[in-house]
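Beneath this line is the structure, given in structure tokens, with notes to follow.
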Amino acid sequence: MSTFRSGYVSLIGRPNVGKSTLLNLIAGRKLAIVSPRPQTTRNRILGIKNLPDAQIIFVDTPGLHKPKHKLGEHMVKESSDTAREADLILFMTEPEMPGPGDKNILNLLRTMKIPVFLLMNKADTVKKLHLLPLIDEYSKLFDFTEIFPISALKDESINHIIQAVAERMPEGPKYYPDEMVTDMPERFMAAEVIREKIIFDTHEEVPYSIAVEILEWKERDKGKLYISANVYVEREGQKSIIIGKQGARLKEIGSRARQDLEEMLGSDVFLQLWVKLKKDWRSDSRTLKELGYS
């Protein structure tokens, strides 16, 4: 009788190194929103990978950074707490010499006594000759269990990595049914989709200052789903940026979010968005708790 293995794998790294892109690739579908901006991920996002002899629960985490407000403190705590509970850690970097941020993360990982794979993302953007000294430098800093140069945008090497991860999982039961790919509620996923569209359509500080709260979620006539949501900003001027001239930008954001939601939910969706001011919400503990950042 073959041994069944199961366990939790934490994706750790600086902001914007490709953790969410990798999670989506492993899951075979979009679970985590992705943008070119750092600190897009604010909560842990769980993706379940089922194999014939294993179940691996991958957990995407916010990028580790120096926090500037209570939201940032929540994000850093979410990452470090998730890592401490993992059976294996995937530490993601880019193909460049380790900087202060990477070294700080490695110092944190040394305290955990958990096996760590180094995944050097975007390896396809540099020549193989240039990868060798980078890998050598990281190897001097930490005793990695495995090292993989990868591209999170391609699936060429992902099966090899998944198999290596599975072999490191402890013997254990199947924690989730086969049909589950994540434990994230649909309301949370919907709020993230809306936030993603705003991030892509705005600039400067605005993407970091927004939060989305789902207000209503109910089925109406002919099976059409009605969703309404508040988009919160920290400053009055940010409202006009998101709304746009005569509401054009908000209408475009809503249209693109609705298309993604219909694909995700398998249902026609009527989406209504409101933009409201909630001053300095990122530094207010009560508001953060209300919005699910606690």
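Taken together, the values in this text are just the output of simple stated rules run on the coordinates, not laboratory data. Please read all numbers here as calculations on a predicted model, not as lab measurements. Neighbour counts run over all protein chains shown; Cβ positions are idealised from the backbone, glycine included.
A few remarks follow.
- Ranked 90, 273, criterion: other C-beta atoms within 10 Å, fewest first: 273, 90
- Nearest 10 degrees, 0 to 90: helix 70-84 Cα axis against the chain principal axis: 30
- 20 Å Cα-Cα reach of residue 49 towards lysines, excluding residues that sit fewer than 8 places from it in its own chain: 19, 30, 154, 174
- Tally of Lys pairs whose C-alpha atoms are under 20 Å apart, taken over the stretch 207-294, 8 or more apart or cross-chain: 10
- Structure remark: mean-square fluctuation, Gaussian network model of the chain, C-alpha springs under 10 Å; the largest value among 62, 177, 52 belongs to 52.
- Computed over the stretch 5-168, the percent of Cα pairs more than 21 Å apart is 42.
- Listing 180, 92 from fewest to most neighbouring C-beta atoms within 10 Å gives 180, 92.
- The stretch 86-169: relative contact order as a whole-number percent, Cα under 8 Å and 6+ apart: 36
- Debye-sum result for the stretch 194-279 in log10 I(q)/I(0), which assumes one identical scatterer on each alpha carbon, at q = 0.11, 0.24 Å⁻¹: -0.29, -1.17
- Residues 154, 122, ranked from the fewest to the most other C-beta atoms within 10 Å, line up as 154, 122.
- Shape of the chain, Cα gyration tensor, a/c cut at 1.5: prolate
- Which of 266, 139, 231, positive extreme of dipole for the chain (C-beta unit charges): 231
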